[in-house]
Amino acid sequence: MTSAQPAHNDCYFCRVAAGLADPIIYENRSFVALFDTNPVNPGHALVIPRRHVVSLFDLDETEQSDYFDAIYGVRPVIESTDLTALYREMLTRDYLRERPKDHIEGVLELPFLGNRPDAYTIGNNDGRAAGRSIDHLHVILLPRYKGDVEDPRGGIRNVIPDRAKYHR
């Protein structure tokens with residue numbers, strides 16, 4: 001059984017894909033992208049399919065071929081955006097007025113804000129048990145900066161901290 005479904009009016013990412021929510025920073029025939037309004041690091045972006053698809057494994061062949069095109073397309077947008085200006089502007093968005101803005105304010109205080117990313121963590125939480133919070137596929141492009149965590153070794157493995165470390 002597939003988890004692909006028609007667009008839902010109550011799905012936030014369906015509204016984004018329809019141009020009814022956050023500004024779109026990149027688009028191709030199958031995906032749109034936006035800057036996350038709860039950023040973990042400067043430039044934190046989301047790539048979402050236009051079609052209401054819950055899982056990465058439900059993408060059709062066209063969407064699969066457009067997937068990496070979208071990821072490659074968002075990177076230069078992240079790297080050419082004045083992120084300080086972006087986050088200052090986010091603080092003034094009317095539709096965010098009632099939401100906590102601690103993530104945005106925190107990013108504005110980071111010492112590496114304004115630097116070019118040193119690396120990227122790219123992935124998605126494919127399923128509730130993996131941490132997905134919105135049931136519409138969204139791929140996370142998380143710019144990484146030297147010093148953003150004490151020890152980045154293990155990367156994504158650290159989502160399960162007790163079993164992340166290994167010896168070589």
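Values in this text are rule-based calculations from the coordinates and carry no lab data. Just so it is clear, the structure is predicted and the values come from calculations on it, not from any experiment. Positions of Cβ are backbone-derived with ideal geometry, glycine not excepted, and every protein chain shown enters the neighbour counts.
Among I160, A130, P49, which residue has its Cα positioned farthest towards the positive end of the charge dipole of the chain, with +1 placed on the Cβ of Lys and Arg, -1 on the Cβ of Asp and Glu, and the dipole taken about the Cα centre? Projecting each Cα onto the dipole axis, the largest value belongs to I160. Counting other Cβ atoms within 10 Å as a rough exposure proxy, the listed residues D135, D36 run D135, D36 from fewest neighbours to most. Spatially, the range 57-113 and the range 30-44 are offset by 2 Å when compared through their Cα centroids. Computed over the chain with a Gaussian network model linking Cα atoms closer than 10 Å, the most mobile of A17, A129, A85 is A129.
For the range 133-140, 3J(HN,Hα) computed residue by residue from phi via the Karplus equation (6.51, -1.76, 1.60; θ = phi - 60°) reads 10, 10, 7, 8, 3, 8, 9, 9 Hz, glycine and proline entered as x.
Each of D118, D126 has some number of other Cβ atoms within 10 Å of its Cβ, and from fewest to most they run D118, D126. Working from label points 7 Å from Cα in the Cα-to-Cβ sense, the R128 to R99 distance is 2.2 nm. Amide H contacts under 5 Å for T121: L142, R144, restricted to partners 5 or more places along the chain or on a different chain, H placed in the peptide plane at 1.01 Å from N. In this simple spin-label model, placing a label point 7 Å from the Cα along the Cα-to-Cβ direction at both S80 and R15 gives a separation of 3.0 nm.
Here the chain is treated with +1 on each Lys and Arg Cβ and -1 on each Asp and Glu Cβ, and its dipole about the Cα centre works out to around 380 debye.
The calculated FRET efficiency for E109 paired with Y72, based on their beta-carbon distance and R0 = 25 Å, is about 0.25. Considering every alpha-carbon pair of the chain, the percent of pairs per 10 Å bin, from zero through the bin containing the longest distance, is 9, 35, 37, 17, 2, 0.
Once C-alpha pairs closer than 8 Å and six or more residues apart are averaged by separation and normalised to the residue number of the chain, the relative contact order reads 24 percent. Label positions at L91 and V40, each projected 7 Å from the Cα along the C-beta direction, are separated by 2.4 nm. Annotation note: trypsin sites (Lys or Arg not before Pro) in the range 1-100 located in DSSP loop regions with a Cβ neighbour count of at most 16 within 10 Å are R29, R93, R97. Residue by residue, the range 18-31 carries 3J(HN,Hα) couplings of 7, x, 9, 9, 3, x, 7, 9, 7, 8, 10, 5, 10, 9 Hz when phi is fed to the Karplus relation 6.51 cos²θ - 1.76 cosθ + 1.60 (θ = phi - 60°); x denotes Gly or Pro.
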